[in-house]
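A.B. asks: Please read through the structure below; I'll follow up with questions.
The values are calculated or read from the model by the stated rules, or taken from the named source; none is laboratory data. Not measured: the values here are computed from a predicted model. When we count neighbours, we look across all protein chains shown, and the Cβ atoms used for this are built from the backbone with ideal geometry, even at glycine.
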Amino acid sequence: MTFSERILKWYGQHKRELPWRTTKDPYKIWLSEIMLQQTRVAQGMPYYYKFLEAFPTVYDLANADEQKVLKLWQGLGYYSRARNLHATSKMVVEKYAGGFPDTYKELKKLKGVGDYTASAIASICFDEPEPVVDGNVYRVLSRYFGIDTPINSTEGIKYFKELAREVMHIENIRDYNQGIMEFGAIQCAPKKPYCLHCPLNESCIALKENRVTELPVKINKIKIKNRYFNYLVFIDPNGNTALEQRRGKGIWQNLYQFPLLEAKKALNLVELKEQIMEESGFPKIESLTLYNKEPLIHKLSHQHLHTRFWILETTDRLKEGISWETITSFPVPVLIADFIKTYKI
DNA sequence: AAAGCGGGGGC
DNA sequence: GCCCCAGCTTT
């Protein structure tokens, strides 16, 4: 049996029943693929159901407000995916009359659809023989063929795509592509792969040379930046608070948060008061208290956010005050959502 | 070519 | 604490 035949056979015996495996509808496949980018199946699954219920068709998604899309996406992370998802739904409705393009080349033009996702949709929905190369495929191929070229180098990306193309199963690209990814997720796992009863263990180079734990090779150099956030939780005489929308570059674009004072270091009460004084347009403050004495450290991939929440009772009513009942209708980062859950007026 | 972008789960 | 997850876009 060839490599691809063994993958297909294994897939037939071990594949999980997943909701997007029972359809070829490009809308549903596209939705699932975007959600699963850098995201585990278990984490993305509830969102897949929520979205299909709220937006049964691409038209429903295209007609929705971005705020509603972001709210449903809340907690899944990488929010550009949600913004691009929404933009692409509008594009599909307006430029493609509601029908997704049916080739890799055309699919790749859609916002948020890169090499992997275009290959996935083209192969799963339209039987186009285009190999998918995701994190799972990098792992399987690098181990089986004993390749130590870094998977995130320019050379590695090109090499593994070509290798994937050489070994793919053209006649059943749909099951083969999903099969090799599933194989990487279940059998050839990052840690503790089940080499003992692996259908490829007689010809796996990494196993033969005892290099399974060394592969794949990845050049890693993420620097973590520390940031110091002070969130100002205004409470006016009506019990209303204020939110602002994050604009421009950086994290959490278009999501909402309490008014933010970012500092170069952790601030004490006096320093914070000075900062507030420098700002203009703030309401008159009756009292100011620190909510969490120990800074909450919210950890993102590239940033550690040392966060303090300050409660500011205002003398006058806020101009655009938001009640605590309606605050939950805004899309917010998990950091803010967690605070809202625990804080009671 | 490198950096930026979330949040969660496994060990 | 570290690594990884059905990656993509911008600089």
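A.B. asks: Across the stretch A:292-312, which residue is nearest to A:Ile340 (Cα to Cα) among those that are surrounded by 15 or more Cβ atoms within 10 Å (Cβ to Cβ) and more than 23 Å from the chain's Cα centre (by Cα)?
C.D. replies: Ranking the qualifying residues of the stretch A:292-312, first place goes to A:Phe309.
A.B. asks: Check A:Gly146, A:Gly135 and return the single one that is within 16 Å of DNA strand B (Cβ to nearest atom), touching a residue at least 24 places away in the same chain (Cβ under 8 Å) and surrounded by fewer than 20 Cβ atoms within 10 Å (Cβ to Cβ).
C.D. replies: A:Gly135
A.B. asks: If the requirement is being free of Cβ contacts under 8 Å to residues at least 24 places away in the same chain, closer than 15 Å to A:His14 by Cα and surrounded by 15 or more Cβ atoms within 10 Å (Cβ to Cβ), which of these qualifies: A:Cys198, A:Cys188?
C.D. replies: The unique qualifying residue is A:Cys198.
A.B. asks: State whether the residues of the stretch A:54-69 include one that is in contact (Cβ under 8 Å) with a residue 60 or more places away in the chain and either acidic (Asp, Glu) or away from DNA strand C (no atom under 14 Å from the Cβ) (or both).
C.D. replies: Within the stretch A:54-69 (the criterion being in contact (Cβ under 8 Å) with a residue 60 or more places away in the chain and either acidic (Asp, Glu) or away from DNA strand C (no atom under 14 Å from the Cβ) (or both)), the answer is yes, since at least one residue qualifies.
A.B. asks: What are the pairs with Cβ atoms under 6 angstrom where one residue, in the stretch A:103-120, is at negative phi and near DNA strand C (Cβ under 6 Å from one of its atoms) and the other, located anywhere, is of a type in the set (A, V, I, L, M) and not in a loop (DSSP other than H, G, I, E, B)? Sequence gap at least six, or different chains.
C.D. replies: A:Lys111/A:Ala87; A:Val113/A:Leu107
A.B. asks: Sticking with this one: If we keep just the residues of the stretch A:38-64 that are among the β-branched types (Val, Ile, Thr) and away from DNA strand B (no atom under 16 Å from the Cβ), which is surrounded by the fewest Cβ atoms within 10 Å (Cβ to Cβ)?
C.D. replies: Ranking the candidates gives A:Thr57 first.
A.B. asks: Still on this structure, I have one more. If the Cβ limit is 6 Å and pairs must be 6+ apart or interchain, which residue in the stretch A:302-322 that is at positive phi and assigned by TED's automatic domain parsing to the domain that holds A:Leu261 pairs with which residue that is assigned to a strand (DSSP E or B) and among the aliphatic types (A, V, I, L, M)?
C.D. replies: As it stands, the answer is none, since no pair meets every condition given.
A.B. asks: Okay, next question. Quick check on A:Gln67: is it within 14 Å of DNA strand B (Cβ to nearest atom), modelled with pLDDT of 95 or more and closer than 27 Å to A:Gly248 by Cα?
C.D. replies: Taking the combined requirement at face value, the residue does not satisfy it.
A.B. asks: Out of all the residues in the stretch A:202-260, which are free of Cβ contacts under 8 Å to residues at least 40 places away in the same chain, away from DNA strand C (no atom under 12 Å from the Cβ) and loosely packed, with under 12 Cβ neighbours inside 10 Å?
C.D. replies: Selection gives A:Glu202, A:Asn210, A:Arg247.
A.B. asks: Of everything in the stretch A:121-143, what is away from DNA strand C (no atom under 11 Å from the Cβ) and either hydroxyl-bearing (Ser, Thr, Tyr) or at negative phi (or both)? Give them in sequence order.
C.D. replies: A:Ala122, A:Ser123, A:Cys125, A:Phe126, A:Glu128, A:Pro129, A:Glu130, A:Pro131, A:Leu141, A:Arg143
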